[in-house]
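The structure appears right after this line, and notes come after that.
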Amino acid sequence: MDDIFLSCLTADTLSSKQDILLDLLKQTYARITVVNIKEETFTALYDVTGMMKEGISLSYNQALEEYLVQNIMVEDRTPAQTALSLDALREFYRSGADSKRLEFRSLVKEFVYEWQEMILTTASAKQPDTIYILLKNINKEKLMSGIIDRFIYHDCDYFIYLDIKKDSYTMFSHSDSGTPLPAIICDSYSTEIVTYANDFVVPEDRDYTIYQMSLEQVSAQLNAHEEHVFYVGVIDPVRGYTRKCLKYVYYDKENQMVLLIRTDVTDIYLKEREKQKSISDALKIAEEASHSKSQFLAQMSHELRTPMNAILGLNEIMKLNLNNQAFLSDCIQKSQSASEYLLSLLNDVLDMSSIEAGKLSLVKQHFLLSQLIDDINTLILPTAEKNDITYSFKNLGNLDTDYYGDKIRVQQILVNLLNNAIKFTPSSGTVELEANISPSPQQDLLTFMVRDSGIGISPDFIPHLFDAFSQEHSSTTSHYAGSGLGLSISHQLVTMMGGTIKVESQLDKGSTFTVSFSLPRYNQQPVKAASSKTSCTTISLAGRRILLVEDHPMNAMIACKLLEQREMLVENAQNGKEGLDFFKNSEPGYFDAILMDIRMPVMDGLTATKEIRNSHHPQAKNIPIIAMTANAFAEDLEKSKDAGMQAHLAKPIRPETLYAALAENICS
């Protein structure tokens, strides 16, 4: 239509039809002016605003200056002044072009503007040096263009151009996903949102959606926060449940024009749901573990107090029967058994703590398998006989083989399983250990089976058998005693060794545990070393002088008595610094060995040992230093070794172990 008007303006018949054309142009343009670039005059033919007097010629430069100041936004004044200058108009006229379009923002009132379009067009040859300037409002077109830009940018399902004042909207969408869409044009937004919510929104979100989409809530949220965002579930005929984000923002706050953009956030929502489920599952597992630990601590409190009560009670009874030697001997034996049981509980707790903290490590050394089996049988046979259980060992391989691995942990695994078998097997039952060796070029597969004719394990509990702090039923612990950690520890140790542990069981018929792991063979045969060790353990310790570095008076007294029973001479230093001074001030050969506690005031045992090794004393490099400490973890042993100690004895100290360590290290 604009092109038709422009062609009429440039026609030769303009003068005869001017009134008719002006009437037509007035329907489209808000202002029509004519400029004579030669005379530099400006005349308003029509102005709907009434700001310019029609038919009066003015100086163009003066009129332009007033127009720019009164109508054009500050940011657009310089480009407008350049484009509308007489020089620019003359250049346009000389170019021979029919028309030229310019766009500027026009001030309506303070901080409010509208877009205006100016069309420059030349007249016919009968009107030389004349240019017509037509002005019209294009704010609506700009608004829709901006909406479309936003729509494309957000890549949404749809956007709605909402007129709050009129309660009407227009919807635009390019989505072909099949997602449900509202009506394209609607004169009652408030009615349509109820219909849409009932048809497509999931039931649990319907009331919430209607409330959040209401004009009152939208206006309140926009005025308070400048945007209104919420999420709802929508049933998609193709995808099923989908999650949508609805976002309202003002596009034209003055006229209460709002833009509603709906985007699909289903993928993000499902990922977040999965993440929340993972967190919930982890929390549930943690709560179950915490509950199991609480039950375990309550049970351990009972288990620890039982032998402690026996020890304290027996001590009180012995005080009252000091003259009855037979009775005292029996009480001492019972107190010793209670102490051994208490120590086993503490060892289980320490092992489990190390495993959970990731600090338990395997200490590999060479060992003879037949000797290991002999040691296990020696430990188990008296326990089995005491409980009236028949214990047997079946050999299905060559046991006279040296292997390289953690002998202590292998023994711990098998002893745990055998002790459990004896514990849960009634009197007159049977327990059997079977060893099977499957050779290969570099390492052998060792398989041990522990069979018993005991009470068995229920099928429901077998999947939880190796869980930490888990027991089949509380009455079992009360009846049979124990920490309930042995199987869990054994399972962890077997796993650390790269092996497997399995169980087959039937209630009231018994159980079979199968442990398998591979160990490399130890090729060197340390015959002479074994012979030397045997001779060392038989040497006399009488007359040997021992430096005991121990700060605790009770522990020092016990150690002194144990050493003096073998006729050794003992000197006691009460901290590491004092022990260091004792040694440095001694004559060469005065002390035969040093027993060193680790945790002490003034100077700890590790530091004292390093100072001794770095001193200039003639015995500094070779005097045996043996750790005698409550630090019982594998890393503690490594720290002792790194400090320069030859051996590490964990408290409580067994006399025979102490004597053997002294004999071996003094001899070597």
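At 1.4 Å probe size, with the rest of the protein present, what percent of the exposed accessible area of the chain is carbon and sulfur atoms?
52
Report relative contact order for the chain in percent, whole number only (criteria: Cα-Cα under 8 Å, sequence separation at least 6).
Relative CO of the chain lands at 6 percent.
So which lysines can K509 reach, going by Cα to Cα under 26 Å and dropping same-chain residues fewer than 8 places off?
List returned: K386, K394, K423.
Could you give the angle, 0 to 90 degrees to the nearest 10, between helix 527-536's Cα long axis and the longest principal axis of the Cα atoms of the chain?
60
Give the shape of the stretch 283-434 as rounded, prolate or oblate, defined through the alpha-carbon gyration tensor: a ≥ b ≥ c are the square roots of its eigenvalues, a/c under 1.5 means rounded, and otherwise the shape is prolate if a/b is larger than b/c and oblate if not.
Judged from the Cα gyration tensor, the stretch 283-434 comes out oblate (a/c at least 1.5, b/c at or above a/b).
State which entries of K561/K584; K610/K651; K166/K253 exceed 20 angstrom in Cα-Cα distance in the structure shown.
K561/K584; K610/K651
Compute the Cα gyration tensor for the stretch 391-432, then decide on rounded, prolate or oblate, letting a ≥ b ≥ c be the square roots of its eigenvalues: rounded whenever a/c is under 1.5, prolate when a/b is larger than b/c in the other cases, and oblate in all that remain.
Oblate, since a/c reaches 1.5 and b/c is not below a/b.
For the chain, what is the charge dipole size about the Cα centre, in debye to the nearest 20, if Lys and Arg each add +1 at the Cβ and Asp and Glu each add -1 at the Cβ?
That gives the chain a dipole magnitude of about 1900 debye.
Using every Cα-Cα pair within the stretch 556-668, state what percent have a distance larger than 21 Å.
Numbers: 1912 of 6328 pairs.
Value for the stretch 556-668: 30 percent of Cα pairs lie more than 21 Å apart.
For the chain, max minus min Cα coordinate along each principal axis, in Å, sorted largest first?
Extents along the principal axes, in whole Å: 146, 68, 61.
Please say if the stretch 20-101 is rounded, prolate or oblate, where rounded means a/c under 1.5 for a ≥ b ≥ c the square roots of the C-alpha gyration tensor eigenvalues, and otherwise the choice is prolate for a/b larger than b/c and oblate otherwise?
Rounded is the answer for the stretch 20-101, as its axis ratio a/c remains below 1.5.
Give the ranking of T378, T266 by solvent-accessible surface, highest area first, calculated with a 1.4 Å probe.
Most to least solvent-accessible, the answer reads T378, T266.
Any chance you could give the angle, 0 to 90 degrees and rounded to 10, that helix 14-26 forms with the longest Cα principal axis of the chain?
In the chain, helix 14-26 runs at an angle near 40 degrees to the longest axis.
Using a 1.4 Å probe and ignoring any ligands, DNA or RNA, find the accessible area of D199 and quote it in Å² to the nearest 10.
Its accessible surface works out to 100 Å², give or take rounding.
Counting pairs of alpha carbon atoms under 8 Å apart in space and at least six apart in sequence, what relative contact order in percent does the stretch 167-247 give? Kindly include the intermediate steps, with their values, before the conclusion.
Working: 97 pairs, mean separation 21.3, N = 81.
Here the relative contact order equals 26 percent.
For the stretch 556-598, what is the Kirkwood hydrodynamic radius in Å, using each pair of distinct C-alpha atoms?
Hydrodynamic radius (Kirkwood, Cα pairs) of the stretch 556-598 is 11.3 Å.
Run down the lysines and flag those whose C-alpha is under 20 Å from the C-alpha of K100, throwing out any fewer than 8 positions away in its chain.
The qualifying lysines are K26, K38, K136, K142.
Where does the Debye-calculated log10 I(q)/I(0) of the stretch 217-344 sit at q = 0.10, 0.12, 0.13, 0.16 Å⁻¹, using only Cα point scatterers of equal weight, no solvent?
Values returned for q = 0.10, 0.12, 0.13, 0.16 Å⁻¹ are -0.63, -0.74, -0.80, -0.93.
Calculate, for the chain, the solvent-accessible area per residue in square angstrom, rolling a 1.4 angstrom probe over the heavy atoms of the protein chains.
54
Can you tell me the 0 to 90 degree angle between the C-alpha axis of helix 60-71 and the longest principal axis of the chain, rounded to 10?
Compared with the principal axis, the helix lies near 40 degrees.
Straight-line reach from K275: which aspartates and glutamates fall under 17 Å, measuring Cα to Cα and dropping same-chain residues less than 8 apart?
D267
The values are calculated or read from the model by the stated rules, or taken from the named source; none is laboratory data. Only a predicted model underlies this, so the values are computations on that prediction, with no experimental measurement involved. Note: ideal-geometry Cβ built from the backbone for every residue, glycine included; neighbour counts use all protein chains shown. For accessibility, only protein heavy atoms count, side chains too; no ligands or nucleic acids. Shrake-Rupley method; radii C 1.70, N 1.55, O 1.52, S 1.80 Å.
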